[in-house]
1. Can you put 86, 149 in order, fewest other beta carbons within 10 Å first?
2. Using a/c under 1.5 as the rounded threshold, could you call segment 5-126 rounded, prolate or oblate? The axes a ≥ b ≥ c are square roots of the C-alpha gyration tensor eigenvalues, and prolate needs a/b larger than b/c, oblate otherwise.
3. Calculated FRET efficiency, residue 179 and residue 69, Cβ-Cβ r, R0 22 Å, to nearest 0.05?
4. Using the count of nearby Cβ atoms within 10 Å as a rough guide to exposure, how do 21, 72 rank from fewest to most?
5. Of all DSSP beta bridges in the chain, what percent run antiparallel (nearest 5)?
6. Order these by the 10 Å Cβ neighbour count, fewest first: 98, 20.
7. So if each residue of separation counts as 0.36 nm, and I subtract the Cα-Cα distance between residue 154 and residue 88, what length gain in nm does that give?
8. At R0 = 22 Å, how high is the FRET efficiency between residue 146 and residue 14 if r is their beta carbon distance? Nearest 0.05 is fine.
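Throughout, read-outs are computed from the coordinates displayed, never taken from laboratory work. Only a predicted model underlies this, so the values are computations on that prediction, with no experimental measurement involved. All Cβ positions, glycine included, derive from the backbone under ideal geometry; neighbour counts span all protein chains shown.
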Ligand SMILES: [Zn+2]
Ligand SMILES: [Zn+2]
């Protein structure tokens, strides 16, 4: 087996995530154990004061500090993140470092001036987490709008898709996991 666990590393300040639900959903999909680490401080070197955002890919390297053998690291930040050339990103991942990070900043209804909905928020967090772990496992974007690997340009795309892989993407996931 190439991977035996997913380690979730939250960065402070922590968002209102139901940790048990996310752990159960990821274990159910990826068939490997999922563990939450204690939260750590958000590295301020990742902050771009002109943009008022954090550089997403900075976290991909920072997460290597928490690496354990055969693990996939998933960072969760509550701050807004970006990549050069993009206004913002929901998440970023690298199949080389086997790390991924998601931002919950734009997953709240309140960001769009709508009443908060904790179920919807948790579904969005799950979709972004599964999507970025999919990239860690080497998957590209999928043309099926219901597949979790469909590219989300906006939250409408995220809300339309499920947090599951289509059958062709799931085959790739299982083979990347050595299952
Ligand atoms: Zn993607
Ligand atoms: Zn797919």
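1. Ascending number of Cβ neighbours within 10 Å: 86, 149.
2. Values: a/c = 1.82, a/b = 1.10, b/c = 1.66.
In terms of gyration-tensor shape, oblate.
3. Details: r = 18 Å, r/R0 = 0.82.
Once the sixth-power term is evaluated, E becomes 0.75.
4. Numbers: 21 14, 72 26.
Least crowded to most crowded, the residues run 21, 72.
5. Roughly 25 percent of the beta bridges in the chain run antiparallel, per DSSP.
6. Ordered from fewest to most neighbouring Cβ atoms within 10 Å, 98, 20 come out as 20, 98.
7. 22.7 nm
8. With a Förster radius of 22 Å, E is 0.15.
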